[in-house]
1. Once you have the Cα-Cα distance between R39 and K24, take 0.36 nm times their residue separation minus that, and quote the gain in nm to one decimal.
2. Sequence gap at least 6, Cα distance under 8 Å: using those rules, report the relative contact order of the range 2-71 to the nearest whole percent.
3. Going through the range 13-54, which trypsin sites (Lys or Arg not before Pro) have at most 10 other Cβ atoms within 10 Å and a DSSP loop state?
4. Can you list residues whose amide H is under 5 Å from V51's amide H, if they're 5+ apart or on another chain and H is modeled 1.01 Å from N?
5. How many nm is it between the label spots at K67 and T6, if each spot is 7 Å from the Cα in line with the beta carbon?
6. Any chance you could run the full-extension gain for E52 through D16? It's 0.36 nm times the residue separation minus the Cα-Cα distance, nm to one decimal.
7. How long, wide and thick is the range 2-71, going by the Cα atoms along their three principal axes, in whole angstroms, largest first?
Amino acid sequence: MFEAATRENLLVVLADYYEEDPRKFFQLSEKSLSSAMVRQMVAELRNDGYVEEEVRGVIKLTAKGYKTFRNGRGAAMPYLAS
C-alpha cells in the first residue's frame with residue numbers, strides 16, 4: 001500500500017511540475033534517494049521512457065509520461081498497479 005501511494009504521489013508531483021514548465025526538473029529528497037523502492041521505481045519509469053533523469057535524483061516527466069498519466073492510463077504503467 002505504501003509503495004502504491006508513493007508511486008502515485010511522485011507522479012502527481014511530476015505532472016504538476018510538467019504543467020508548470022515541461023522543462024522543469026524535480027529534485028528527489030535525500031530520504032527518497034536512500035530508498036531502494038524509489039530508486040527502482042525511477043529506473044523503471046526512465047527505462048520505459050516516462051521520465052528523464054538529468055542526474056541521479058533529478059527527474060521530470062517526458063511528454064509520453066505526462067500523456068499516459070493524465071489520460072488516466074497510469075495503470076498501463078505496470079509499476080503503478082496497486
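Quick note: the coordinates plus some simple rules give every number you see, no bench work behind them. No experiment lies behind these values; they were computed from the predicted model shown. As a convention, Cβ positions derive from the backbone with ideal geometry for all residues, glycine included, and neighbour counts pool all protein chains shown.
1. 3.4 nm
2. Taking the mean separation of contacting Cα pairs over the length of the range 2-71, I get 35 percent.
3. Here the trypsin sites (Lys or Arg not before Pro) that fit, given the DSSP loop and packing criteria, are R23.
4. It is R46, T62, by chain and number.
5. Each label point lies 7 Å from its Cα, and together they span 3.0 nm.
6. Stretched fully, the E52-D16 segment lengthens by 11.4 nm.
7. Ordered largest first, the range 2-71 gives principal extents of 27, 23, 20 Å.
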